[in-house]
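Peer 1: Take this structure first; my questions come after.
The values are calculated or read from the model by the stated rules, or taken from the named source; none is laboratory data. Just so you know, these numbers come straight off a predicted model, no measurement behind them. Methodologically, a virtual Cβ is constructed for each residue, glycine included, from the backbone with ideal geometry; neighbour enumeration extends over all protein chains shown.
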Amino acid sequence: MSYEAKFRVWRGDDGDGELVDYAVEVNEGEVVLDIIHRLQATQAPDLAVRWNCKAGKCGSCSAEVNGMPRLMCMTRMSTFTEDETITVTPVRTFPVVRDLVTDVSFNYEKARQIPSFDPGDVQPGEFRMQQVDVERSQEFRKCIECFLCNNVCHVIRDHEENKPDFAGPRFLMRIAELEMHPADASDRRQIAQEDHGLGFCNITKCCTEVCPEHIKITDNALIPLKERVVGRRYDPVVWLGSKLGIV
Ligand code: SF4
Ligand code: F3S
Ligand code: FES
């Protein structure tokens, strides 16, 4: 059954813009991205929107739907009532390029700042991993880099000034993945705390709530990483070593 949905969509750029009302046809089984595409095809050909896979796997179509950070391609129209107004706005934490498209280069800058996997002296084929370590890495590697977690984290969502010092949950999770990887030879605890702002995270878990891959970012990455940092700080051998300048 078709019906006309009331859509309110952000139109504008970084300097100026407004919410514009549209009535758009909806058919059974459609998702928000289908409606945005129909809007482009029928009424607003210059509407800017980023997408790629329409399967929840590329992470491109992140937006805020009725104020909730969502993938538009995975948000079914059947979750709304037919008389509801559906507001679609760009993710708030990153600057708007135009309409629903934001500049997420903040995230790529943070990614580049994290030293890559360090195999130490281990040669390919020499190392065997426990299943538990494999599963931990696999969970973190489900990330599709939609950046909804970084978008929703209050540390940077309302505090532009924190951005230079905070990598956001996505990349703190990457540091945790490397720190807990049994074959990674680098100690990541100091950079997590001092360069990437782990201490800013006060475990609100909003990042975990919005992750479309259902990764337990807070419980499985951020809290264990915090425990390791605290362990390092309060380890008397480490404390003495740091005083003597050898740790
Ligand atoms: Fe998206 Fe989840 Fe990856 Fe964050 S951790 S970027 S919410 S998939
Ligand atoms: Fe932010 Fe997630 Fe911590 S939302 S405060 S990184 S638990
Ligand atoms: Fe790829 Fe939505 S279009 S995740």
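Peer 1: Spot the failing condition for E177; the list is (1) of a type in the set (D, E); (2) surrounded by fewer than 20 Cβ atoms within 10 Å (Cβ to Cβ); (3) touching a helix residue (DSSP H, G or I) at 6+ places or on another chain (Cβ under 7 Å), and only one is missed.
Peer 2: (2)
Peer 1: Just one of C146, C207 is of a type outside the set (V, I, T), surrounded by 13 or more Cβ atoms within 10 Å (Cβ to Cβ) and within 16 Å of ligand 3 (Cβ to nearest atom); which is it?
Peer 2: Exactly one of C146, C207 is of a type outside the set (V, I, T), surrounded by 13 or more Cβ atoms within 10 Å (Cβ to Cβ) and within 16 Å of ligand 3 (Cβ to nearest atom), namely C146.
Peer 1: Just to be sure before I move on: is C53 surrounded by fewer than 20 Cβ atoms within 10 Å (Cβ to Cβ) and either within 16 Å of ligand 2 (Cβ to nearest atom) or at pLDDT 95 or above (or both) in the structure I sent?
Peer 2: The answer is yes for C53.
Peer 1: Could you list, in sequence order, the residues of region 49-93 that are within 14 Å of ligand 1 (Cβ to nearest atom) and at positive phi?
Peer 2: G56, G59
Peer 1: Something else: Inspect region 72-91 for any residue being in contact with a helix residue (DSSP H, G or I) (Cβ under 9 Å, 6 or more places away or on another chain), within 16 Å of ligand 2 (Cβ to nearest atom), in contact (Cβ under 8 Å) with a residue 40 or more places away in the chain and farther than 18 Å from C143 by Cβ and give the result as yes or no.
Peer 2: Among the residues of region 72-91, not one is in contact with a helix residue (DSSP H, G or I) (Cβ under 9 Å, 6 or more places away or on another chain), within 16 Å of ligand 2 (Cβ to nearest atom), in contact (Cβ under 8 Å) with a residue 40 or more places away in the chain and farther than 18 Å from C143 by Cβ, which makes the answer no.
Peer 1: Additional query: State whether the residues of region 132-151 include one that is small (G, A, S) and more than 26 Å from Y108 (Cα to Cα).
Peer 2: No: region 132-151 contains no residue that is small (G, A, S) and more than 26 Å from Y108 (Cα to Cα).
Peer 1: Could you please find all residues in region 177-214 being under 17 Å from E145 (Cα atoms) and within 11 Å of ligand 2 (Cβ to nearest atom)?
Peer 2: Matches in region 177-214: C206, C207, T208, E209, V210, C211.
Peer 1: Kindly check whether there is at least one residue in region 105-124 that is more than 15 Å from V31 (Cα to Cα) and among the β-branched types (V, I, T).
Peer 2: yes
Peer 1: Let me ask something else. Test each condition in (1) touching a residue at least 24 places away in the same chain (Cβ under 8 Å); (2) part of a loop (DSSP other than H, G, I, E, B) for L39 and report the one that comes out false.
Peer 2: (2)
Peer 1: Could you please give the count of residues in region 92-109 that are polar (S, T, N, Q) and touching a residue at least 60 places away in the same chain (Cβ under 8 Å)?
Peer 2: Residues in region 92-109 being polar (S, T, N, Q) and touching a residue at least 60 places away in the same chain (Cβ under 8 Å): 2 in total.
Peer 1: Now a separate question. Taking the condition of being within 16 Å of ligand 1 (Cβ to nearest atom) and either surrounded by fewer than 21 Cβ atoms within 10 Å (Cβ to Cβ) or free of Cβ contacts under 8 Å to residues at least 12 places away in the same chain (or both), how many residues in region 181-196 meet it?
Peer 2: Here the count works out to 0.
Peer 1: Check E28 against each of (1) within 18 Å of the chain's Cα centre (by Cα); (2) assigned to a loop (DSSP other than H, G, I, E, B); (3) more than 27 Å from K163 (Cβ to Cβ) and name the one condition it does not meet.
Peer 2: (1)
Peer 1: Could you grab me the full set of residues in region 57-75 that are buried (at least 17 other Cβ atoms within 10 Å of the Cβ), farther than 12 Å from F147 by Cβ and under 15 Å from the mean Cα position of the chain (by Cα)?
Peer 2: Hits for region 57-75 are E64, R70, M72.
Peer 1: Turning to a different aspect of this structure: I need every pair where a residue in region 3-28 that is at pLDDT below 95 has its Cβ under 9 Å from the Cβ of a residue that is charged (D, E, K, R), sequence separation at least 6 or different chains.
Peer 2: Correct list of pairs: D13/R98; D13/D99; D14/R98; D14/D103.
Peer 1: Another question, then. May I ask you to say which residue of L47, L39 is buried (at least 16 other Cβ atoms within 10 Å of the Cβ) and either charged (D, E, K, R) or closer than 17 Å to T85 by Cα (or both)?
Peer 2: Sole residue among the options that is buried (at least 16 other Cβ atoms within 10 Å of the Cβ) and either charged (D, E, K, R) or closer than 17 Å to T85 by Cα (or both): L39.
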